[in-house]
Amino acid sequence: GIRVMAQERVDVAEGEDRSLASYVPESGEPLGVVGNARVRHPRGYGTSCVVDVVDEPDLRERALAVLDAAGYHGISEAEFVYDRERETYVLLDVNTRPWKWIGLPVAAGANLPMAAYADATDASYEPGPRREPRWVYLADYLHGLADGGRDVLSREEWTALASGRVDGDDGIVTGVYRPEDPEPTYQLLRTELGTREYYCAC
């Protein structure tokens, strides 16, 4: 009478993780963007540091099929890793909550929280034009570089980060920093500089 779930540890291709970031309404068309977690810290299995928008219609359909089979509607992130031995993507998990890089689909034109809010309040929401920004969580990314990770940001992206032009128009959006709302950055810097207890920006 005991139910058991077996899981398999696979040899994953580092930097090839994919996720469908989506909002599935009770009725109507789902809204979503596929992201590629290019860099994680710690390497290979840690938290996402750099995520790119990618065109993966097959993974989108596979993720939506899982959500449909579960009868789930709402915001979620369906994560896949690439199994090198089988040369295919396998489902890792489904996060049924907002996650760290939820700002990427917003910047890409699919504002998942706004779509959910609009459904809950009978407001109207229309997706924006499709864009393909890069999302960066700089604090973890810098830790990864200090641990010997490879720098995947271009000079232009570093310049955008340093200048504060991080609204997505320059192809980059950050996990914390917004010029119009500096308080989360202030709290994070205090954590990084060791002047306060841990602060989770997510």
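Quick notes on this one:
- Considering THR96, THR88, the condition of being free of Cβ contacts under 8 Å to residues at least 12 places away in the same chain, out of contact with any Leu (no Cβ under 8 Å at 6 or more places or on another chain), among the β-branched types (Val, Ile, Thr) and open to solvent by 30 Å² or more (accessible area, probe 1.4 Å) is satisfied by THR88 alone.
- Scope region 18-34; condition more than 20 Å from TYR125 (Cβ to Cβ) and surrounded by fewer than 18 Cβ atoms within 10 Å (Cβ to Cβ); matching residues: none
- Residue pairs whose Cβ atoms lie under 6 Å apart, sitting 6 or more positions apart in sequence or on different chains, and linking a residue in region 174-194 that is in contact (Cβ under 8 Å) with a residue 12 or more places away in the chain to a partner that is in a strand (DSSP E or B), are THR174/VAL136.
- Test: residue in region 35-50 that is more than 10 Å from the chain's Cα centre (by Cα), open to solvent by less than 60 Å² (accessible area, probe 1.4 Å) and under 17 Å from ASN111 (Cα atoms): no
- Within region 60-72, none of the residues are touching a Phe, Trp or Tyr at 6+ places or on another chain (Cβ under 7 Å) and open to solvent by less than 70 Å² (accessible area, probe 1.4 Å).
- Residues satisfying the stated conditions in region 9-32, i.e. touching a residue at least 24 places away in the same chain (Cβ under 8 Å) and out of contact with any Gly (no Cβ under 8 Å at 6 or more places or on another chain): VAL10, ASP11, ALA13, GLY15, GLU16, ASP17, PRO25, GLU26, PRO30, LEU31, GLY32
- Single match in ALA37, ALA69, ALA123 (criterion: touching a Cys at 6+ places or on another chain (Cβ under 9 Å) and not hydroxyl-bearing (Ser, Thr, Tyr)): ALA37
- Qualifying residue in region 172-180 (condition: among the aromatic types (Phe, Trp, Tyr), open to solvent by 70 Å² or more (accessible area, probe 1.4 Å) and over 21 Å from the mean Cα position of the chain (by Cα)): no
The values are calculated or read from the model by the stated rules, or taken from the named source; none is laboratory data. Being a predicted model, the structure only gives us computed values, none of them experimental. All Cβ positions, glycine included, derive from the backbone under ideal geometry; neighbour counts span all protein chains shown. Note: areas computed on protein heavy atoms with side chains; ligands, DNA, RNA excluded. Shrake-Rupley method; radii C 1.70, N 1.55, O 1.52, S 1.80 Å.
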